[in-house]
């Protein structure tokens, strides 16, 4: 896990390419989980995530434990990753705003708001 010096700010994504997401501090991931004060590899195997049915409630639980008020979910650069309806429902029920975007759009959006509100994100770097 990588932790920012400023615990209230989510780490900036500095570079996106096919198969790689780079986060400030030089950390590089294939898929990434980011939240205020930290980042780590998003390992789909931990929750059994697949492109379909997609991002599950268990995938975002860690972000919620870090106090996010907004979540940015990326669907991949070819939008093949889906998001389970249960995930969106859970976030809305907990009062967490959610945005679902293609990965490059998700990176731009996340970087634009990371200093102004507690945001977390799940970023898929390939399809």
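Structural remarks
- Measuring nothing but alpha carbons in region 1-113 and taking Rh as the Kirkwood radius, the Rg to Rh ratio lands at 0.92.
- As a size descriptor, the averaged projected area of the C-alpha convex hull of region 63-116 was calculated at 3.8 nm².
- Across the chain, Cα pairs under 8 Å and at least six residues apart give a relative contact order of 31 percent.
- When the helices of the chain are scored as -39500 (n - 2.57) per DSSP H run of n ≥ 4 and the total is divided over every residue, the value at 222 nm lands at -6500 deg cm²/dmol.
- When DSSP beta bridges are restricted to pairs lying wholly in the chain, around 65% turn out antiparallel.
- Each residue in 18, 44 was given a count of other beta-carbon atoms within 10 angstrom of its own, and listing them fewest first yields 18, 44.
Just so you know, all these numbers are worked out from the coordinates, no wet-lab data involved. Note that the structure is predicted; figures quoted are calculated from it, not measured. Glycine also receives a Cβ, built like all others from the backbone with ideal geometry; neighbour counts cover every protein chain displayed.
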